[in-house]
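What follows is calculated from the coordinates using simple rules that are stated; it is not laboratory data. Treat the numbers as computed from the prediction; the structure is a model and nothing was measured. Please note: Cβ atoms are built from the backbone with ideal geometry, for glycine as well, and neighbour counts cover all protein chains shown.
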Amino acid sequence: MIFIVSKYLVPKGYRGLTVFPFVFLKCCIDKESGVLINHEKIHLRQQIELLVLPFFIWYFLEYLIRLLQFRNSHLAYRNISFEREAYAHESELGYLKKRSFFRFVKFLR
């Protein structure tokens, strides 16, 4: 995991963005946020499981489906299975040690 701090690379309204093996953070102080780093580590694991490129294809397609479903970009984003898993477990700092493979599938609905 390689941290890059840049307010220009992280979209407005977000604090972090992960593209294996990089974690882009908006502010330097975000490196100290265990919850945010754990959230981004969960995304790293998801990307590794899907061999990176398929992760982004799935992510984008699911976002489009959720956008049609909810007609709201924020709700669409929050209901992507990858995000649902990451938000549900971001506070569990030991989550990745016990997480089973392809766990995000359980967050599809």
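Structure notes:
- Among residues of segment 5-26 that are on the phi > 0 side of the Ramachandran plot, those with a beta-carbon under 9 Å from a residue that is surrounded by fewer than 19 Cβ atoms within 10 Å (Cβ to Cβ) at least six positions away or on a different chain give the pairs GLY13/HIS74.
- Matching option when the condition is crowded, with 18+ Cβ neighbours inside 10 Å and either in contact with a Lys or Arg (Cβ under 6 Å, 6 or more places away or on another chain) or over 22 Å from ARG103 (Cβ atoms) (or both), among PHE70, PHE24: PHE24
- The residue that is surrounded by the fewest Cβ atoms within 10 Å (Cβ to Cβ), among those in segment 83-106 that are among the charged types (D, E, K, R) and not in a helix (DSSP H, G or I), is GLU92.
- Residue that is farthest from GLU40 (Cα to Cα), among those in segment 51-106 that are over 13 Å from the mean Cα position of the chain (by Cα) and among the aromatic types (Phe, Trp, Tyr): PHE70
- Positions within segment 1-21 being surrounded by 15 or more Cβ atoms within 10 Å (Cβ to Cβ) and among the polar types (S, T, N, Q), in sequence order: THR18
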